[in-house]
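J.: This is the structure I want to talk about, given as structure tokens.
The values are calculated or read from the model by the stated rules, or taken from the named source; none is laboratory data. Keep in mind the model is a prediction, meaning the values are calculated, not measured. Glycine also receives a Cβ, built like all others from the backbone with ideal geometry; neighbour counts cover every protein chain displayed.
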């Protein structure tokens, strides 16, 4: 039998839920705003924590707004909250997490660079189903309509819909998912089909013929090989569009749809400019370098001594191409292995942009042993970011400043950046 609670919402927490208490227990509530009183249904419980969803708002906050799409589709936990308030809540989450997990003396409000809410996404993973291509509802394998989230541009939605209809008519045989990548100006658009059966590649050409795609590729799980079906397999952005400063070389950053790249076309340049501005000494060591977003930008600004480390095969392929003609030294191995066997390299500045799991104790220890004097840390997870800042703090590093970037508006995701000095 369903259980219902009447709750006063207290504050936001990482992950998108809001905190409340009931009977001495913590309640994490989806669909609420701090200060509201709501009726919520308990969906599950774990030890002393209840997980609940708002079913009615008894005392609404003035920042609540009407929701026309499914908040669970594409991860839109903050969709019901006016945008300026979303940024305030994200700033509060960062400050609360840092206060709780670090020994920083004072955590002032962290500025969150805003984004346009519509059409911001230039990179997405689309799943195949009987209704075509779409996102998945959070915590399920149920397909939902990506167009209704507003995250993709209208033209992109038309392409996704057209390809999805063709794919569903053929029962989407052998397709696990599709990676979509666009240039910042949306003039280039590539789809990569992940295929369980290589023979399906013949159908990919039929599904995408006549669509507004500048390139179509396919690959199979566990393989780094990419097969070009039509067009050009990569998209690129001029470095000048990523930087607010004059660049010495008019280079571009190219990438395949499979390669990781930041997803927000409106905030990306602010992030790249902020990172580059904090690089005050070389040699530069760019760890988890991806396709070379920061390395190539720095090289275009005249920084000559850069080492970029990337293990992923697809991203490394793009990184090697993007670094051609520069003095960027590309290392194709894991960060742990590189730091373990290259103890003689003493960088002036280290840039780290790790996956959600953060750096981990071993990488922090290796960087500390190397007596790195300046570190720029970019993170997509506030909790692991705070954990690693605490570890650096214990080793004698000071946090000089922290910024945040709203890469995924209407979601609970936050991109955070800190500069540290030994």
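J.: Looking for something closer than 16 Å to residue 12 by Cβ and either assigned to a loop (DSSP other than H, G, I, E, B) or out of contact with any helix residue (DSSP H, G or I) (no Cβ under 6 Å at 6 or more places or on another chain) (or both) - is there at least one such residue anywhere in the range 167-180?
T.: Within the range 167-180, not a single residue is closer than 16 Å to residue 12 by Cβ and either assigned to a loop (DSSP other than H, G, I, E, B) or out of contact with any helix residue (DSSP H, G or I) (no Cβ under 6 Å at 6 or more places or on another chain) (or both).
J.: Now, a different point. Six or more apart or on different chains, Cβ under 7 Å: which pairs go from a residue in the range 335-349 that's farther than 17 Å from residue 374 by Cα to one that's crowded, with 16+ Cβ neighbours inside 10 Å and modelled with pLDDT of 75 or more? Could you list them?
T.: Every condition considered, the pairs that remain are 335/287; 335/288; 335/309; 335/363; 336/363; 338/309; 338/331; 340/366.
J.: Answer with yes or no whether residue 5 is at pLDDT below 90 and in contact with a strand residue (DSSP E or B) (Cβ under 7 Å, 6 or more places away or on another chain).
T.: no
J.: Can you tell me which of 63, 39 is exposed (fewer than 15 other Cβ atoms within 10 Å of the Cβ) and free of Cβ contacts under 8 Å to residues at least 40 places away in the same chain?
T.: Going through 63, 39 in turn, just one is exposed (fewer than 15 other Cβ atoms within 10 Å of the Cβ) and free of Cβ contacts under 8 Å to residues at least 40 places away in the same chain: 39.
J.: Here's another thing I want to ask about it. Out of the residues in the range 186-201 meeting the condition of being over 15 Å from residue 229 (Cα atoms) and touching a strand residue (DSSP E or B) at 6+ places or on another chain (Cβ under 8 Å), tell me which one is modelled with the lowest pLDDT.
T.: My answer is 196.
J.: Only one of these is over 22 Å from the mean Cα position of the chain (by Cα), modelled with pLDDT under 95, more than 21 Å from residue 121 (Cβ to Cβ) and buried (at least 16 other Cβ atoms within 10 Å of the Cβ): 326, 248, 307, 280. Name it.
T.: Result of the check over 326, 248, 307, 280: 326.
J.: Of all residues in the range 202-219 being assigned to a strand (DSSP E or B) and modelled with pLDDT of 95 or more, which is surrounded by the most Cβ atoms within 10 Å (Cβ to Cβ)?
T.: 216
J.: Out of 325, 396, I need the residue that is part of a loop (DSSP other than H, G, I, E, B) and closer than 12 Å to residue 420 by Cβ. Which one?
T.: It is 396.
J.: Taking the range 151-167 as the search range and keeping residues that are in contact (Cβ under 8 Å) with a residue 40 or more places away in the chain and surrounded by 22 or more Cβ atoms within 10 Å (Cβ to Cβ), which one is farthest from residue 418 (Cα to Cα)?
T.: 167
J.: It is to be established whether one or more residues within the range 40-53 are outside any strand (DSSP E or B) and under 29 Å from the mean Cα position of the chain (by Cα).
T.: no
J.: Hey, another quick one. For the range 78-117, what are the residues that are surrounded by fewer than 18 Cβ atoms within 10 Å (Cβ to Cβ), under 14 Å from residue 411 (Cα atoms) and touching a helix residue (DSSP H, G or I) at 6+ places or on another chain (Cβ under 9 Å)?
T.: Passing the criteria: 114, 117.
J.: Return yes or no: is residue 75 within 25 Å of residue 145 (Cα to Cα), touching a residue at least 40 places away in the same chain (Cβ under 8 Å), surrounded by 20 or more Cβ atoms within 10 Å (Cβ to Cβ) and not assigned by TED's automatic domain parsing to the domain that holds residue 140?
T.: yes
J.: Which residues, taken from the range 103-139, are modelled with pLDDT under 90 and part of a loop (DSSP other than H, G, I, E, B)?
T.: 103, 104, 105, 106, 107, 108, 109, 130, 131, 138, 139
J.: Same structure, new question: Go through the range 220-315 and tell me which strands (runs of 3 or more DSSP E), entirely inside it, have 2 or more residues that are touching a residue at least 60 places away in the same chain (Cβ under 8 Å) and in the same structural domain as residue 405 (by TED's automatic domain parsing).
T.: Of the strands (runs of 3 or more DSSP E) lying wholly inside the range 220-315, those with at least 2 residues that are touching a residue at least 60 places away in the same chain (Cβ under 8 Å) and in the same structural domain as residue 405 (by TED's automatic domain parsing) span 252-256, 284-287.
J.: Being over 22 Å from the mean Cα position of the chain (by Cα), assigned to a helix (DSSP H, G or I) and either free of Cβ contacts under 8 Å to residues at least 24 places away in the same chain or on the phi > 0 side of the Ramachandran plot (or both) is true for just one of 368, 320. Which residue is that?
T.: Among 368, 320, only 320 is over 22 Å from the mean Cα position of the chain (by Cα), assigned to a helix (DSSP H, G or I) and either free of Cβ contacts under 8 Å to residues at least 24 places away in the same chain or on the phi > 0 side of the Ramachandran plot (or both).
J.: In addition: Condition test on residue 70, is it surrounded by fewer than 18 Cβ atoms within 10 Å (Cβ to Cβ) and at pLDDT below 95?
T.: Yes: the conditions hold for residue 70.
J.: From the list 354, 347, which one is within 20 Å of residue 391 (Cα to Cα), modelled with pLDDT of 95 or more, assigned by TED's automatic domain parsing to the domain that holds residue 257 and part of a loop (DSSP other than H, G, I, E, B)?
T.: After ruling out the rest, the residue left standing is 354.
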